């Protein structure tokens, strides 16, 4: 497997307008109609995937292995939030990202995400028990 090199500072952003499907009520992580913490994590991971997408060769992918979330403020239905991922460090095949999630005025969450570069087919075969 050819391991691509990623330089710290690499980044990407993804946006989401919060819908009923994104709320804690809908996802079962609480009973309030605001952006759910599991959805914050999914948004943060999407930003990290987007950061590496253009530079990753065929047959190689990254998988999430660790995340730490500080969910700081609520975002109600209809609010637009932006996740900005920045690669802060590489350690062999491991990529470390800092992700901030903001609405127009507020820091909604800070997320630290660790991803590992893997051979896609080998990973899938292992997952399927082959």
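Since every read-out is calculated from the coordinates, none of them should be taken as a lab result. Computed from a predicted structure; not experimentally measured. Ideal geometry is used to build each Cβ from the backbone, glycine not excepted, and the neighbour counts take in all protein chains shown.
The candidate values were (i) 29, 17, 11; (ii) 33, 23, 15; (iii) 26, 19, 11; the one computed from these coordinates for semi-axes √(5λ) of the Cα gyration tensor in Å carries the label (i). Take every Cα pair under 8 Å whose residues are at least 6 apart in sequence, average their separation, divide by the length of region 11-127, and the relative contact order is 29 percent.
Full-extension gain between residue 7 and residue 66, please, as 0.36 nm times their residue separation minus the C-alpha to C-alpha distance. Intermediate values should be presented prior to the final figure.
Details: separation 59, 0.36 × 59 = 21.24 nm, distance 1.99 nm.
Roughly 19.3 nm would be gained on extension.
For region 59-130 and region 8-37, what is the centre-to-centre distance using only Cα atoms, to the nearest Å? Distance between centres, Cα-based: 13 Å. What is the angle, in °, between the Cα long axis of helix 37-53 and the longest principal axis of the Cα atoms in the chain? Nearest 10 is fine, range 0 to 90. Orientation of helix 37-53: about 40 degrees from the principal axis.
What is the extension gain from residue 27 to residue 112, computed as 0.36 nm multiplied by their sequence separation minus the C-alpha to C-alpha distance, in nm to one decimal? Provide the component values of the computation, followed by the final result.
Details: separation 85, 0.36 × 85 = 30.60 nm, distance 2.16 nm.
Computed gain between residue 27 and residue 112 is 28.4 nm.
Extension gain for residue 125-residue 91 works out to 9.8 nm (0.36 nm per residue, less the C-alpha to C-alpha distance). Note on residue 104 and residue 77: their simple-model spin labels are 2.0 nm apart, each label 7 Å out from Cα toward Cβ.
Please give the FRET efficiency for residue 56 paired with residue 15, using the beta carbon to beta carbon distance and R0 = 22 Å, rounded to the nearest 0.05.
Numbers: r = 22 Å, r/R0 = 0.99.
Given R0 = 22 Å and the Cβ-Cβ separation, E is 0.50.
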